[in-house]
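For reference, the structure discussed in these notes is given below.
The values are calculated or read from the model by the stated rules, or taken from the named source; none is laboratory data. Being a predicted model, the structure only gives us computed values, none of them experimental. Because the Cβ atoms are built from the backbone with ideal geometry, glycine has one as well, and the counts that use them run over all protein chains shown. Side chains are part of the model used for accessible areas, which takes the heavy atoms of the whole protein and leaves out ligands, DNA and RNA. Shrake-Rupley method; radii C 1.70, N 1.55, O 1.52, S 1.80 Å.
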Amino acid sequence: MVATGLSFLMLTPPDFGRVDDAAAVQLGLLVDLAERTQDAVGEAPYGRIARAPAGGHRIELITDSINGALARRGRALHVLISEPPDLDWPVISAPLSDGRWLIVPWGLPVPGPNNAWPLVGWILLVALGVTLVMVVAVRRMTEPLALLQRTADAIMPCSDVDPVPEKGPAEVRAAARAINQLATRLRQVMESRMRLVAAAGHDLRTPMTRMRLRAEFLAEEERTAFIDDLDELDRIADSAIRLVREEVEGDGGELMRLDSMVADTAAELQEIGYAVTLAQTCPAIIRARPEALRRALRNLFINAATHGRGATVRMASGVGRVQVLIEDAGPGIPEELLPRVFEPFFRVDPARGAPTPGAGLGLAIAEQIVTRNGGTLKLENMAVGLRQVLEFPMVTLGEGLPEGG
């Protein structure tokens, strides 16, 4: 569009004034010659002397221009330029002194109407054509970048991601090579971490078993405290292994009834003495790994019941989303510590009032499970107590779960 505009600015239009002057000179010479001829010259459509001007539609613009040029040259001559119906070209009718008319053809085509739409159409056509070409070119250039982005988004700990084809421009090949190396190294690091934690947990079992046997020879009071410490070590080892396992397990899941699992988990904990109250449920179907999600719910319910002086559980659903709200009546968590609650081995017991045994991994494990099952988990203080909010995308019955599933 800019090039078209510049071309109109830079190209010099023809000097129509000179054209009119040249036509006036030629017409004056022809009229002078025709004055010497007394007889009509044939009846040919062009170059004839007739007794009347040519008929047809009069072309005012050219007529006025030629008459103006004649006046500038001092010729008292008033011509008519028209388009006869039987001809496809304009003609000039010039009066002679004896009342006859000299009829000769006009040497230039008739200018079209002063309409800007052809120019607008030309600019739009050029813009559309260039746009289509650029869209195709840009798509071909950015397709490798989109593949890199999809691959980077799919990289998860210990996930099997197909290597990115290392082709295209040099920069794209370098980025693809870097992403492939990153995925391989991340998988190796996570596998090494899993093996390390699993080996450490396994190796701890043997000395802990020997220590339990030796504890039998201690006095009753010392033996109880010693066994409690061993149990605490056992819980820490199991929690660490579960945390790493949640980080590396696959993302696959199945359709399940979240409301049924929430109700069953609450009833199970009530039976073993935890202060868990189920206030409200609503039908909700989600896609998740049932055993892992049950473990996360159990961790969160127990966390509220033990640290928050009782847990009240209710569910709420919205457009395509369902929430599980776990509220307690405890002292809450200081606002400055809330961003750190999901860190492994982070303990907030001193801030919550009651020192209880634990490895500080319950919330970290629950957050890993919820996130890897497509949900979110956040903690927020209320006026009194703490609220744990789980949110999952719901699945409609038409996506594969029968109505009573």
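Sorted by accessible area with a 1.4 angstrom probe, largest first, how do Arg309, Arg195 fall? Please list the in-between numbers first.
Numbers: Arg309 180, Arg195 145 Å².
Most to least solvent-accessible, the answer reads Arg309, Arg195.
Hey, with R₀ at 45 Å, roughly what FRET efficiency would Val130 and Leu87 work out to, going by the Cβ-Cβ distance, to 0.05? Show your work: numbers first, answer last.
Working: r = 43 Å, r/R0 = 0.95.
About 0.55, to the nearest 0.05.
Surface calculation, 1.4 Å probe, protein heavy atoms: Trp89 sits at approximately 90 Å² accessible. Each of Gln188 and Trp117 was given a label point 7 Å from its Cα along the Cα-to-Cβ line. The distance between the two points is 7.0 nm.
What distance in nm separates the two pseudo spin-label positions at Glu232 and Arg321, each 7 Å out from Cα along the beta-carbon direction? Modelled inter-label distance: 4.0 nm.
Apolar share of the accessible surface for segment 164-230: 60 percent from carbon plus sulfur atoms, 1.4 Å probe. Counting heavy atoms of the protein chains alone, Glu343 has an accessible area of about 80 Å² for a 1.4 Å probe.
Heavy atoms only, 1.4 Å probe, whole protein assembly: order His78, His307 by accessible area, highest first. Don't jump to the answer; show the numbers that get you there.
On the way: His78 110, His307 30 Å².
Heavy-atom accessible area, descending, gives His78, His307.
Of the residues Phe346, Phe16, the one with the largest accessible area comes first in the ranking Phe16, Phe346, computed with a 1.4 Å probe on protein heavy atoms.
Solvent-accessible surface (1.4 Å probe) assigned to Leu361 amounts to roughly 0 Å².
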